[in-house]
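Working notes, beginning with the structure itself.
The values are calculated or read from the model by the stated rules, or taken from the named source; none is laboratory data. It should be emphasised that the depicted structure is a prediction, and the values quoted were computed from it without experimental measurement. No Cβ is skipped: glycine too gets one built from the backbone with ideal geometry, and neighbour counts run over all protein chains shown.
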Amino acid sequence: MAQSTGYNKIKTAVFISGTGSNLNSLIKFSRLKKSPISVDLIISNNHESKGLNYGKIFKIKKKVFDFKKKSLTEKKILVELKKNKIQLICLAGFLKILSKNFIDTFKGKILNIHPSLLPKFKGLNTHERAINNKEKYSGCTVHFVNSKLDSGKIILQKKVRIYKNYTPEKLAKKILIQEHKLYKEAILKIFSP
Ligand code: GRF
């Protein structure tokens, strides 16, 4: 039986670059009985990522790769993923763009969360761009990763209303709360029988 120990669950690596609040939320979710995934590995491109602390707190293996030589780094990551029998990758605030070769190796098994209603506002500075564009709504999207930036098949989205006085920071905070819910829902949607 799949229990909170992770036995029988889909072995998952979460890739981060910064704060790791999505990582934290995914780890907590993964420890529930209903979760189809277990988080077994944390990968970051940045030694300073605050999110790496969750590895310590939850006793999950973490590895940092500097990405100076991308193709070599990706090869090393693939070795690490294989060693840990990783079956699924969740990108969560990961700021490096993975190569087509890497993505093809893990075809259909890489998810990403993006803080906009894709296909609108791919890439960075999404909140600022949504506000400047006078959008009434923004939100977040969980999607499969393909070799085009933020363009893979959409799994789920959540909308957030943008009010007149909103700054990019205020919008980011509101969307982040929804992101934490959305990632779990998307995983349940994909893997539930
Ligand atoms: C999130 O808004 C994510 O969608 C974006 O960067 C932010 C990362 O937040 N790509 P965190 O590191 O999960 O707290």
Selection count where residues are at pLDDT below 95 and within 11 Å of the ligand (Cβ to nearest atom), scope the range 121-167
1
Looking only at the range 85-115, filter to residues that are outside any strand (DSSP E or B) and closer than 14 Å to SER151 by Cβ; which one of those is nearest to the ligand (Cβ to nearest atom)?
ILE97
Residue count, the range 60-80, condition in contact with a Ser or Thr (Cβ under 7 Å, 6 or more places away or on another chain), more than 14 Å from ASN46 (Cα to Cα) and aliphatic (A, V, I, L, M), comes to 1
Report yes if some residue within the range 34-56 is closer than 25 Å to ILE190 by Cβ, within 13 Å of the ligand (Cβ to nearest atom), small (Gly, Ala, Ser) and part of a strand (DSSP E or B); otherwise report no.
yes
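Of everything in the range 57-84 that's basic (Lys, Arg) and within 27 Å of GLU179 (Cα to Cα), which residue is nearest to the ligand (Cβ to nearest atom)? Spell out the reasoning first.
Of the range 57-84, the ones basic (Lys, Arg) are 59, 61-63, 68-70, 75-76, 82-83.
Among the residues that remain, those that are also within 27 Å of GLU179 (Cα to Cα) are: 59, 61-63.
Values: LYS59: 20, LYS61: 19, LYS62: 14, LYS63: 17 Å.
Applying the filter and picking the extreme gives LYS62.
So which residues in the range 135-193 are assigned to a loop (DSSP other than H, G, I, E, B) and of a type in the set (A, V, I, L, M, F, W, C)? So that I can check it myself, show each step before the final result.
At the first step, the residues of the range 135-193 found to be assigned to a loop (DSSP other than H, G, I, E, B) are 135-136, 145-153, 162-167, 192-193.
If the condition is that a residue be assigned to a loop (DSSP other than H, G, I, E, B) and of a type in the set (A, V, I, L, M, F, W, C), then VAL145, LEU149, ILE162 are the ones that fit.
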Report yes if LEU118 is part of a loop (DSSP other than H, G, I, E, B), among the hydrophobic types (A, V, I, L, M, F, W, C), more than 10 Å from the ligand (Cβ to nearest atom) and touching a helix residue (DSSP H, G or I) at 6+ places or on another chain (Cβ under 8 Å), otherwise no.
no
